[in-house]
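Student: Here it is: the structure, laid out below.
Please treat every number below as a calculation from the coordinates, not as lab data. Nothing here was measured: the structure is a model prediction, and the numbers come from that model. FYI the Cβ positions are ideal-geometry reconstructions off the backbone, even for glycines, and counts take in every protein chain you see.
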Amino acid sequence: MKIKELKKEVGIPEDVEVKIDGKGVIVKGPRGENSRLFSYPKFKLAREGNKIILLAENATKREKTMLGTYSAHINNLLRGVKSGFDYKLKICSGHFPMKVTVEKDKVMISNFMGEKTPRKAKISKGVEVKVEGDIIIVSGYDKEEVGQSAANIELATRRTGFDKRIFQDGCYIFSKAGKEIE
């Protein structure tokens, strides 16, 4: 069953500038600038005052789900340039003392399980990483880049063939942007 006209509105905060360029949205705020291209053919993007309007005509179930996804992406763009996103990782080293340092666009994990060569995790552009004791804080204005950088750090310490209940050494995400992990 098709819906004649499906419309979704996303509010724009006061201190954020939004420019709609065809199928792209460019957002500028206190923390930086972020942009995204929405290439789904059946959508129209428009700005009316303090709102971004997503419009789909003769929408099916697929367009309805895509509309929700796109509005979530726009909300993430707006939230990122206004307040940013933070991920926190815990350094767990029970067998060997691990040393974690940040060098330009890489996180170096030395002495992981007694290994001689350090493991490296790539940091995406626009993402800042700080090490405070046994906590690694990954922050930035693009949710996808921040999440990918945190995942790169976690994956750098993953080992196969070992029982995770015994060999718990590694760096693990315990706090995501907007969610607390138990």
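Matching residues to (1) among the charged types (D, E, K, R); (2) surrounded by 17 or more Cβ atoms within 10 Å (Cβ to Cβ):
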{"position": "Arg119", "(1), (2)": "yes, yes"}
{"position": "Ile123", "(1), (2)": "no, yes"}
{"position": "Glu132", "(1), (2)": "yes, no"}
{"position": "Gly140", "(1), (2)": "no, yes"}
{"position": "Glu145", "(1), (2)": "yes, yes"}
{"position": "Lys164", "(1), (2)": "yes, no"}
{"position": "Gly170", "(1), (2)": "no, yes"}
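Student: If I filter segment 1-36 down to residues being assigned to a strand (DSSP E or B) and among the aliphatic types (A, V, I, L, M), which single residue comes out as farthest from Gly126 (Cα to Cα)?
Tutor: So, considering only residues that are assigned to a strand (DSSP E or B) and among the aliphatic types (A, V, I, L, M), the one farthest from Gly126 (Cα to Cα) is Ile3.
Student: Within segment 98-119, identify whether any single residue is under 18 Å from Ile173 (Cβ atoms) and among the polar types (S, T, N, Q), and answer yes or no.
Tutor: No.
Student: So the check is Cβ under 6 Å with 6+ separation or different chains; which pairs have a first residue in segment 90-106 that's over 15 Å from Leu155 (Cα atoms) and a second one that's hydrophobic (A, V, I, L, M, F, W, C) and in a loop (DSSP other than H, G, I, E, B)?
Tutor: That search, which allows pairs on different chains as well, returns Asp105/Ile123.
Student: Kindly provide the set of residues from segment 21-36 that are over 22 Å from the mean Cα position of the chain (by Cα) and surrounded by 11 or more Cβ atoms within 10 Å (Cβ to Cβ), ordered by number. Can you show your working first?
Tutor: Keep residues of segment 21-36 that are over 22 Å from the mean Cα position of the chain (by Cα), which gives 21-22.
Those that are over 22 Å from the mean Cα position of the chain (by Cα) and surrounded by 11 or more Cβ atoms within 10 Å (Cβ to Cβ): none in segment 21-36.
Residue-wise test of (1) farther than 21 Å from Ser149 by Cα; (2) among the aliphatic types (A, V, I, L, M); (3) surrounded by 14 or more Cβ atoms within 10 Å (Cβ to Cβ).
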site	(1), (2), (3)
Val16	yes, yes, yes
Glu57	yes, no, yes
Gly68	yes, no, no
Gly84	no, no, yes
Ile91	no, yes, yes
Lys104	no, no, no
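Student: Please state which of the following conditions Ser39 fails to meet, knowing it meets all the rest: (1) free of Cβ contacts under 8 Å to residues at least 40 places away in the same chain; (2) over 19 Å from the mean Cα position of the chain (by Cα); (3) assigned to a strand (DSSP E or B).
Tutor: (3)
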